Amino acid sequence: MTAPPPRLLPSGDAAMTVEFGRSIDPEVNRRVLALDRNMALEAVPGVTETVPTYRSLLVHYDPVQVGFAELSEKILALAQRPVPAASAARRWRVPVVYGGDYGIDLDEVARAHDLTTDEVIARHAGGDYRVAMIGFTPGFAYLSGLDPSIATPRRESPRTETPPGTISIGGVQACVQCLAAPSGWHLLGRTPVRTFHPHRDPVFLMEPGDAVTFHAIPAREFDALDRAAARGETVAELIAS
């Protein structure tokens, strides 16, 4: 069955939103990332930047070089190309200290699902996640693939600040949060990994389409790994590419 064409929506006079759906859906996200890759390969004249999200692609362009109608035709043609079969993705193995001061909502999430904290950790760490998008703050990786049995609605009262490296869940989403930031998600743990480091090459560790798994580490290992990450070491293990 052929997928319906995306909706093309003007976003000001120099950007276009290419909308593939209105929900968090792995197939929709694959179409978004496929168009993003195709546009990069084609080097579409006039396009200055593309920003993939869960369900849409924001395309910035120079209206002096290309008009909305002309760009729309090119994008619709690229969007109708078959989505390639999933290829071997880069896979990051991310260390996490769960619970206690590192994950202050772990007990609450366990109670909400009538599980032990160990069961929540096992289900979270046992997930096979995919980076659907990067956004909100630098290096904030939104992950699909959370075990539905621990999906938890966001907090009624968001916190004005949560620590850097927070590993959280909110609804059906999971995340790796790099910088301290406000959040209404549930904090399960922290990682020393810096998904964003302005003085490292690459500055951003993860990209949309990357795979992510987590593994639990004891709290005594956190500080040493955190110091290494501050120096620019990746700390996360790249186990496939």
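The values are calculated or read from the model by the stated rules, or taken from the named source; none is laboratory data. Everything numeric here is computed off the predicted structure, so don't read it as measured data. Cβ coordinates were reconstructed from backbone atoms using ideal geometry, including for glycine residues, and neighbour counts include every protein chain displayed. SASA here: full protein model, heavy atoms, side chains in, ligands and nucleic acids out. Shrake-Rupley method; radii C 1.70, N 1.55, O 1.52, S 1.80 Å.
Couplings 3J(HN,Hα) for segment 73-79, derived from phi with the Karplus relation 6.51 cos²θ - 1.76 cosθ + 1.60 (θ = phi - 60°), are 4, 5, 5, 4, 5, 5, 5 Hz, where x marks Gly and Pro.
Our Cα-only numbers for segment 11-167 put the radius of gyration and Dmax at 19.4, 59 Å. Here segment 86-241 carries DSSP beta bridges of which approximately 80% are antiparallel, counting only pairs with both residues inside. Residues whose amide H lies under 5 Å from that of Asp210, counting only those 5 or more places away or on a different chain, are Val131; hydrogens are built 1.01 Å from N in the peptide plane. For segment 172-241, the fraction of 1.4 Å probe accessible surface lying on carbon and sulfur atoms is 53 percent.
Remark: the chain carries 50 Å² of accessible area per residue (probe radius 1.4 Å; ligands, DNA and RNA excluded). Using the Cβ-Cβ distance between Ser11 and Arg220 with R0 set to 35 Å, the FRET efficiency from 1/(1 + (r/R0)^6) comes to roughly 0.15. Across the accessible surface of segment 10-137, with the other protein chains kept in place and a 1.4 Å probe, carbon and sulfur atoms take up 52 percent. GNM on the chain, alpha-carbon springs under 10 angstrom: the most fluctuating residue among Val109, Val64, Val97 is Val64.
Taking Gly67, Gly126, Gly12 as the candidate residues, the one with maximal mean-square fluctuation in a Gaussian network model of the chain, Cα springs under 10 Å, is Gly12.
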